[in-house]
Amino acid sequence: MTPLPGAHFWIILAIGLRLRLDVPLAYLIANISIPPLMALFTLGEIEVGSFVRTGSFLGLTKVELAARGVSTYIVDVILGTAIVAPLVAMVGGLVTYGLALARMGRGSATTAYEKDAVDRVVDRYAASPLGIRMYVAAKLASDPVGEALENLAREEGGFGEVLDLGCGRGQFSLLLLEENLATRVRGIDWDDSKVAAANRAATDLDASFRQGDVRSAPLEEHDTVLLLDVLHYFAPEEQAAIVTRAARASRGRIAIRDIDPNRGFRSTLTRVQERLTTHRQYNRGERIAPRPISAVVRELEREGFAVTITPCWGKTPFANVLVVGTK
């Protein structure tokens, strides 16, 4: 309802992170609009602003429109928006709250996350720049892979010693430690700035992260190996070698999250998103080359793993799946 599209992202981020909301979903909804309706909304806000300021609604004759001047309309739309937008938000919020209460009354699934553990992980990044703290908080709040890993770890009585390949800032493996679902974490990533952030956050935990290339870095055996959102940055033949190396470093299980290129529109949208973030150097990838998930399955089965595949995109429009191999 506010004619400030450039500010919507920051408004949603500030409120959503504070209240632990689904930030990507909120941002998506905030950017869905029907252009003719937006024109009517803006006109309505101008009318409300005019009435509050002058006691009368806006006349629509050419003479009055010309006589008022552009600056007057700017004042009216600001004043009208300040009144109309909060009212619409309140009505929408009350309706949503009522529907949520009704759904909760019927019994709804609860998340595996322990809120205190998530908060503790986010707090560990207090010494990092604001952008990193915001990223970690948003990932833990909205990325379904965290909950998927927790559910899996609980079912199996914990992950034991964890090797996190392509660990990034380490937030998911640190969450496993905070919830006592892992006994030790070691991580490798080729982005030294992310490794530094992970090590700062890992203070007083049995966790350490080092800079390295997952294609060639020495890998010690661990109970569980994580390979989350990494493979598609490498050439197909390199991906096969990485999967094999990771499988041989696992004593019991391996969890791989990556893009499924055979999910239609979801796959196309995910490729676009990955190219944008890689182009802006938000993610350091050499290319975007997702392989069929069936190839990953064959490679794990050759190493003696029984494999399951589950969608892992949650409420997002992306095409990520979770491949879990168990010896």
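The slack between GLU147 and GLU303, meaning 0.36 nm per residue of separation minus the straight C-alpha distance, is 53.5 nm. Separation of region 207-260 from region 122-167 is 17 Å, based on Cα centroids. In a DSSP loop and with at most 10 other Cβ atoms within 10 Å, there are no GluC sites (Glu not before Pro) in region 138-173. When you restrict to C-alpha pairs under 8 Å that are six or more residues apart and normalise by the size of the chain, the relative contact order lands at 12 percent.
Here the 3J(HN,Hα) profile of region 116-127, calculated from phi with Karplus coefficients 6.51, -1.76 and 1.60 at θ = phi - 60°, is 4, 5, 4, 4, 5, 5, 4, 4, 5, 9, 4, 7 Hz, Gly and Pro shown as x.
What longest region of the chain stays clear of chymotrypsin sites (Phe, Trp or Tyr not before Pro) that DSSP places outside H, G, I, E and B and that have at most 12 other Cβ atoms within 10 Å? Between exposed loop sites, the widest span is 58-281.
Residues of region 74-100 falling in the label zone of LYS315, defined by backbone nitrogen less than 13 Å from a point 7 Å along Cα to beta-carbon, are 96-97, 100. Taking the C-alpha atoms only, the angle from helix 192-201 to the longest principal axis of the chain is near 90 degrees.
Considering only SER193, SER71, SER142, the mean-square fluctuation computed in a Gaussian network model of the chain, springs between alpha carbons under 10 angstrom, is largest for SER71. Each peptide among 128-134, 163-169, 42-48 gets the average number of other Cβ atoms lying within 10 Å of its residues, and from highest to lowest they stand as 163-169, 42-48, 128-134.
Net length available on complete extension from ALA235 to VAL52 is 59.6 nm, with 0.36 nm assigned per residue and the Cα-Cα distance removed.
Rule-based calculations on the coordinates, nothing more; no lab input. Predicted model, so just to flag it, every value in this text is computed and none were measured. Note: ideal-geometry Cβ built from the backbone for every residue, glycine included; neighbour counts use all protein chains shown.
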